[in-house]
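Accompanying notes for the structure given below.
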Amino acid sequence: MTSGKVPYVIAGSAIGGAAAYFLFTESGRRAVASVRNMDSNTIPHKMEQLRSAIERRGQDVSNRVEQVRGRLNDSVDAGRRAYDESGAQFKTKLRQLEESNGRFVAGIHKSIDELNRTVYTFEKSIMRPLAQVMALAQAVQRGVRTLRPPQGRRIHVEDNLDVMFDRERASNY
């Protein structure tokens, strides 16, 4: 309702309230009867009393309407605050969930990095030397095969040991 219509609503309410008072209540009917039986000197005084009564009733109605409007505004404001608070709580919960997920993922990344370092250390300290030993063993094996005398012949080593290579032993190399 626009503010330009409010005075007309108040005036109409006051007039309607006064008409109902005079037509439907016992005291209103007595007031109407006393106005009919008045002399001309008391009419201005009674009119002033009537105007005051109508003005009071109009003010009462206006105050009640204003109270209802105030309560409606308060209710709407309370609803807005509840909505805003709920949204803020949801945002807080969402932010907490994101932080928790971030910590969880960071923990997984840290574990993977530690596993990577462990595998690298294992490879560096165990696998590389093992590969070198295996390469060395293979080199020795090839060197022995290359130095092997023809089948059935003996060779003399510097420490005076005789070594005999036959087909069975040669096939094991």
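The values are calculated or read from the model by the stated rules, or taken from the named source; none is laboratory data. Remember, it's a predicted structure, so these values are computed and weren't measured experimentally. Note that we place each Cβ from the backbone using ideal geometry, even for glycine, and neighbour counts take in every protein chain shown.
Brief remarks on what is shown
- So Ser27, is it of a type in the set (Gly, Ala, Ser) and either in a loop (DSSP other than H, G, I, E, B) or loosely packed, with under 10 Cβ neighbours inside 10 Å (or both): yes
Yes or no, residue by residue, for (1) among the aromatic types (Phe, Trp, Tyr); (2) touching a helix residue (DSSP H, G or I) at 6+ places or on another chain (Cβ under 8 Å); (3) modelled with pLDDT under 80:
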residue: Thr2; (1), (2), (3): no, no, yes
residue: Ala31; (1), (2), (3): no, yes, yes
residue: Asn73; (1), (2), (3): no, no, no
residue: Phe90; (1), (2), (3): yes, no, no
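- Among residues of the range 78-94 that are exposed (fewer than 10 other Cβ atoms within 10 Å of the Cβ), none has a Cβ under 6 angstrom from a residue that is assigned to a helix (DSSP H, G or I) at a sequence gap of 6+ or on a separate chain.
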